[in-house]
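See below for the structure under consideration.
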Amino acid sequence: MGNGNGPILGLDIGGTKLAVALATSAGTVLAETQAPSRATEGPEPMIERLADMARAVVSEAGCTIADVHAIGIACGGPLDPQRGIILNALNNPGWVDVPIVDRIEKALGRPAVLDNDANAAALAEHRFGAGRGADDLVYLTISTGIGGGVIQGGRLMHGANGNAGELGHISVCVDAGRRCHCGSVGCLEAYCSGTNIAARSLEAIAAGEASALEALEPAAVTAEAVAAAVRRGDRLARRVWDETMLLLGGAVVSIIHAFNPSVVILGGGVTGSADLLFDPVRTIVGERAMPWLADVVRILPAELGERTGTLGAVAVAIDRAESAVEP
Ligand SMILES: [Zn+2]
């Protein structure tokens, strides 16, 4: 199927932006571009623009589409990675049962594969980022939502139908917990995503708790603003943040017991407040994880930043090709 040493196209379909990169199998980016998703246009115009962006990036790198070894696609789930179908992209309304792999293969004429954005990010950090050299790692992105990916023995864990690693939806609350947008209650994401750190702070203010955050427009009360208020000594912000770290740290402890990783990588927008996040999580892991699991695990910040999506898609293409040739 073409050029085995050729560069790989990574296509990242996000709720706010489309991003494309052409990279080597070592993760060196040869050319890249991004554009607003304009998600309200629906899938077909977005797929056409994505294919145009891919052609432009290949040309900018001085290559032709025939040089491209493979194409990886990363998108928010739920999706069917084996059949290459986006079932219902929660961050892109109207993307229901979209055969994205087929559409991209027809548009660009090269073989393509699909996985969800958090699994893709886990593979990217494993190959090119904070998890280089670690065969057993767990990646957690704490952003608008919370996503995860699990690498075991150097391979991405897929599960029975391709949905393993939905770590944002592990249950962290035994009572009637907060409702999660996945339909369940008490999920990690319902407390610790950036959206929910902000929402819990606003709910406490509405319930009459005093806070300097009251002075802000509700839309300005983001997780970042809550973290800033913690640094200024705001009591409400401190209480919400400490509860968030207890739940997040507890979830990381559970993850360590489930998978015995040598690295847990935390990424996503909320980890921008790293000074308030890594120490409490590491402390809780030290207190609660069984010593023989805690002794081997490092809790590290993600390294790839803006390129997580595109390099994730590239890593999906590499991982799928390697899985195909191994027994
Ligand atoms: Zn959930």
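Laboratory data are not the source of any read-out in this text; all were calculated from the coordinates shown. Remember, it's a predicted structure, so these values are computed and weren't measured experimentally. Using ideal geometry, Cβ is built from the backbone for each residue, glycine included, and neighbour counts are taken over all protein chains shown.
Some observations on this one:
- Among residues of the stretch 183-218, those that are of a type in the set (A, V, I, L, M, F, W, C), surrounded by fewer than 23 Cβ atoms within 10 Å (Cβ to Cβ) and more than 15 Å from the ligand (Cβ to nearest atom), counted: 10
- For the stretch 136-182, a tally of residues being of a type in the set (A, V, I, L, M, F, W, C), within 18 Å of VAL264 (Cβ to Cβ) and away from the ligand (no atom under 11 Å from the Cβ) returns 9.
- Residues that are outside any loop (DSSP other than H, G, I, E, B) and more than 24 Å from ALA223 (Cβ to Cβ) within the stretch 154-169 comprise ARG155, LEU156, listed in sequence order.
- Selection of the stretch 12-47 for residues being in contact (Cβ under 8 Å) with a residue 12 or more places away in the chain, closer than 19 Å to ASN88 by Cβ and surrounded by fewer than 14 Cβ atoms within 10 Å (Cβ to Cβ) yields THR16, THR40.
- Residue that is farthest from the chain's Cα centre (by Cα) [pool: residues in the stretch 257-278 that are in a helix (DSSP H, G or I) and of a type in the set (S, T, N, Q)]: SER273
- Restricting the first member to the stretch 170-192 and to residues that are part of a loop (DSSP other than H, G, I, E, B), and the second to residues that are of a type in the set (D, E, K, R), the beta-carbon pairs closer than 7 Å and six or more apart or on different chains are CYS180/GLU189; GLY186/ARG178.
- Any pair with Cβ under 7 angstrom, 6 or more apart, that starts in the stretch 84-96 at a residue that is closer than 18 Å to LYS106 by Cα and ends at one that is of a type in the set (Ser, Thr, Tyr) and buried (at least 17 other Cβ atoms within 10 Å of the Cβ): none
- Scanning the stretch 116-146 for residues that are over 21 Å from ASN260 (Cβ atoms) and without any contact (Cβ under 8 Å) to a residue 60 or more places away in the chain yields ASN116, GLY145.
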